[in-house]
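Notes to accompany the following structure.
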Amino acid sequence: MLKFPHDAHTHTAYSDGTGSIADSVAAAEARGLGMLGITDHSHYFEPGTLSRYIREVRYWGEDAELTILAGLEGNITAGGVDVPDFMAEKLDYVIASVHEWLDRPEEYVELVKLALEDDNVDIIGHFGASFPYIGFPSADELEEILHLAEARGKAFEISSRYRVPDIDFIRECIRRGIKLTFASDAHSPGKVGGVSWSERIFKKAGGAREDLLFGEFL
């Protein structure tokens, strides 16, 4: 049983997931979650489909046994995050993640800094997922990221899918008051709420409800 039962990063058939929003909500209810975020990939949407998506999230959230929030996961590119103002203003929150393949950790850090400067971004997704393959940033580069996140009021997700960030980074977020979220990154209803690793490392790092971005719903 989760102590802080929420999942802020899930996908449906609106992007590259399987299953409907209704399926994900039902799975979240079955798992006893207090909050579920539907966060399909931004590049699948146009204005019309975005409006339909948000209406459907709101519809299934009306009678749900938990809080259902409408979000998107944007891509961080050299040109910025691909979630424009007209999208962001309709959403409850925006996750921004690095998805493109990079050669050096310095490139990754620069992209994340772009997202941290973006007013539309609330959460950095799966920070560090590619570090084992491209190398790890220096302590100074990580300090830049943490300082900017603290100054700009951004959060980081703790990803059970990729098992990032590491515990030292999470501890530093907690120390600085940088908020955190749990994330399954589920692409099917059966994976919704699969955040046991997120909670385990969060608790090991000394996290409490007040350190969570969505703690009010738990």
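The values are calculated or read from the model by the stated rules, or taken from the named source; none is laboratory data. If you're wondering where the values come from, they're calculated on a predicted model, not measured in any experiment. Virtual Cβ from ideal backbone geometry, glycine too; neighbours counted across all protein chains shown. Protein only, heavy atoms only, side chains kept; ligands, DNA and RNA dropped before computing areas. Shrake-Rupley method; radii C 1.70, N 1.55, O 1.52, S 1.80 Å.
Quick notes
- A straight chain from GLU46 to TRP101 at 0.36 nm per residue would run longer than the Cα-Cα distance by 17.3 nm.
- Relative contact order for the chain: 23 percent, from Cα pairs under 8 Å spaced at least 6 residues apart, divided by residue count.
- Solvent-accessible heavy-atom area per residue, rounded to whole Å², over region 73-118 at 1.4 Å: 45 Å²
- Value of [θ]222 nm, deg cm²/dmol, for the chain, DSSP H segments ≥ 4, -39500 (n - 2.57) each, nearest 500: -10500 deg cm²/dmol
- Distances between placed amide hydrogens fall under 5 Å for THR67 paired with MET35, LEU36, all partners being 5 or more residues away or on another chain.
- Taking 0.36 nm per residue of separation and subtracting the current Cα-Cα distance, fully stretching the chain between ALA78 and SER20 would add 17.7 nm.
- Cβ charges +1 (Lys, Arg) and -1 (Asp, Glu), total dipole of region 73-177, debye: 420 debye
- 3J(HN,Hα) from dihedral phi, region 140-145, Karplus parametrisation 6.51/-1.76/1.60, rounded to Hz, x for glycine, proline: 5, 5, 5, 4, 4, 4
- Cβ-placed point charges (K, R +1; D, E -1), dipole of region 21-114 about Cα centre in debye, nearest 20: 140 debye
- Modelled spin-label separation between GLU89 and PHE136, with each label point placed 7 Å from Cα along the Cα-to-Cβ direction: 4.3 nm.
- Accessible area per residue for region 1-63, computed on protein heavy atoms with a 1.4 Å probe, is 45 Å².
- Taking a ≥ b ≥ c as the square roots of the eigenvalues of the Cα gyration tensor, the chain is oblate, since a/c reaches 1.5 or more and a/b is not larger than b/c.
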